[in-house]
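**Student:** Following this message is one structure expressed as structure tokens.
No lab work stands behind these numbers, since they all come straight from the coordinates. Not measured: the values here are computed from a predicted model. All Cβ positions, glycine included, derive from the backbone under ideal geometry; neighbour counts span all protein chains shown.
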Amino acid sequence: MAITRRQLIKTGIWGSTGLVTLRLLVGPFQSTIQLPQNSEYEFLFLREADKKVLAGIIPVMLEQALGDTEQEKENSLHWVLQGVDEAILGLTPSIQDELRELFMLLYFAPTRRLLARVWNPWLEATGEEIRNFLEQWRNSRFILLQTAYQALHELITAAWYANPASWDSIGYDGPPII
């Protein structure tokens, strides 16, 4: 059966439309914003993509606690990322694997858009987008999403409060000296 010119043109138009639509759904493959590199700490678990996901979520989850100036916020963000990395290293390999999957799911554009409803890369997303994502997962009817939210929340808050620099903000003088 021979293909007519009309069929060929229609197929080309539909194929082009499909590719353009897919490209719009996937969006940019990489964020144009890069994380600041201000430490000698070598991340052993968190990859660059994982750090970008967390760097978008941490400022929203911790709100005003990170500091007032950009330098304070950047330093606080870095030591929270470091604390999350250290905390994950202390978890069992099976939980580490689950966290790796969670970070991949949140970083990959189609699943980020479908499950988190965050359309821009994490470092470019608005605080409101991320706040809505966190609220949706926290109150989701799906236990899996609630569990993922709890994991993110516990890792981030544990990393924040484990650092002595955060203790003044909550009036904690530190462990008793014996």
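**Student:** Could you pull out every one of the aspartates and glutamates with an alpha carbon less than 14 Å from that of residue 52, ignoring same-chain neighbours closer than 8 positions?
**Tutor:** 74, 85, 124
**Student:** To continue, here is another question. Stretch residue 163-residue 131 to full length: gain in nm at 0.36 nm per residue minus the Cα-Cα span? Before the final figure, lay out each step's value.
**Tutor:** Working: separation 32, 0.36 × 32 = 11.52 nm, distance 2.41 nm.
Additional length available on full extension: 9.1 nm.
**Student:** For a protection proxy built on the mean count of beta-carbon atoms within 10 angstrom, sort 78-86, 164-172, 42-50 highest first, please.
**Tutor:** Averaged packing, sorted descending, gives the order 78-86, 42-50, 164-172.
**Student:** Using the Kirkwood radius over C-alpha pairs as Rh, can you work out the diffusion coefficient of the chain via Stokes-Einstein at 20 °C, viscosity 1.002 mPa s, in µm² per second? Walk me through the numbers on the way to the answer.
**Tutor:** On the way: Rh = 18.5 Å.
Result for D is 116 µm²/s.
**Student:** Please report the Cα spread of the stretch 101-178 along all three principal axes, rounded to whole Å, starting with the longest.
**Tutor:** Here the spans come out as 53, 28, 21 Å, largest first.
**Student:** What's the exposure ranking of 178, 3, 88, going from fewest to most Cβ atoms within 10 Å?
**Tutor:** On the way: 178 3, 3 8, 88 21.
Fewest-to-most ranking of 178, 3, 88: 178, 3, 88.
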